[in-house]
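Undergrad: After the structure tokens below, expect a handful of questions from me.
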Ligand SMILES: [Zn+2]
């Protein structure tokens, strides 16, 4: 419900005040991105949708977990940042472990950013995420209200950071002390591998600051090219089959870097397609 409200508000904001040029083929983008995410939601959220709540209720009733001795309100408050750290760690692992990257690169294959990108996750990645979060919930042993609040904030954060919305630089600067803003997350979607290995946060920006992976846009930062630099528009079937591509992580990285350096040469430009956002905010 909260996600629907946030999605509606951000959709209006995107329409009225986009931060960067809207990608062409909006209907096709939305259809593909929402379809691939929708399959995941069906099989990993709608069908076993109560998994996290059941894990929380089961652990709590048996006094299992690190927070099981705390009163529910305190345990719920502590659950939110700890579960956010767990999601941050999974995201970081997705950029380091080849078999996780095979799933996660479907998300990074989007060559522009807008609200539809927030849906573009391979179903198996959503499945891995569900199992990982259920393990974290069991380990913590917090109340179900903590799970509900965390999931609502995580989904709202996911929509917000991918939205193509214009935020005054001063507001963005204040917000990103606590939250991951669209401008910060756009750096993570850059075609440059060293940018992809920064700003892993989905909700709180604290974890990237703490683990030295935080990168803010510099004052003279030019347009960012978004995607994997492979100049490919994937169909829904291609996105679903992409994890079967045996291309190892290191080869993907070197391919991306080679293409980026070629397109970054003087007098050349990125191949056709709306893939740029502008990081205009000073530090
Ligand atoms: Zn990522």
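Undergrad: For the stretch 186-206, name all the residues that are away from the ligand (no atom under 11 Å from the Cβ), part of a loop (DSSP other than H, G, I, E, B) and surrounded by fewer than 19 Cβ atoms within 10 Å (Cβ to Cβ).
TA: If the condition is that a residue be away from the ligand (no atom under 11 Å from the Cβ), part of a loop (DSSP other than H, G, I, E, B) and surrounded by fewer than 19 Cβ atoms within 10 Å (Cβ to Cβ), then 192 is the only one that fits.
Undergrad: Okay, moving on. Scanning the stretch 60-91 for residues that are out of contact with any helix residue (DSSP H, G or I) (no Cβ under 9 Å at 6 or more places or on another chain) and assigned to a helix (DSSP H, G or I), which turns out modelled with the highest pLDDT?
TA: 74
Undergrad: Could we say that residue 126 is assigned to a helix (DSSP H, G or I), within 14 Å of the chain's Cα centre (by Cα), modelled with pLDDT under 90 and within 23 Å of residue 207 (Cα to Cα) here?
TA: When the stated conditions are applied, residue 126 passes them.
Listed here are the residues, each with its yes/no results for (1) outside any helix (DSSP H, G or I); (2) modelled with pLDDT of 90 or more; (3) farther than 22 Å from residue 82 by Cα.
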| position | (1), (2), (3) |
| --- | --- |
| 155 | no, no, no |
| 166 | yes, no, yes |
| 174 | no, yes, yes |
| 214 | yes, yes, no |
| 218 | yes, no, yes |
| 228 | yes, no, yes |
| 234 | yes, no, yes |
| 257 | no, no, yes |
| 265 | yes, no, yes |
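Undergrad: Separate question: Could you count how many residues in the stretch 92-115 are away from the ligand (no atom under 11 Å from the Cβ), in a helix (DSSP H, G or I) and surrounded by 22 or more Cβ atoms within 10 Å (Cβ to Cβ)?
TA: Final tally of qualifying residues: 2.
The values are calculated or read from the model by the stated rules, or taken from the named source; none is laboratory data. Just so it is clear, the model here is predicted, and its values are computed rather than measured. Quick reminder, even Gly has a Cβ in these numbers, built from the backbone with ideal geometry, and neighbours come from all protein chains shown.
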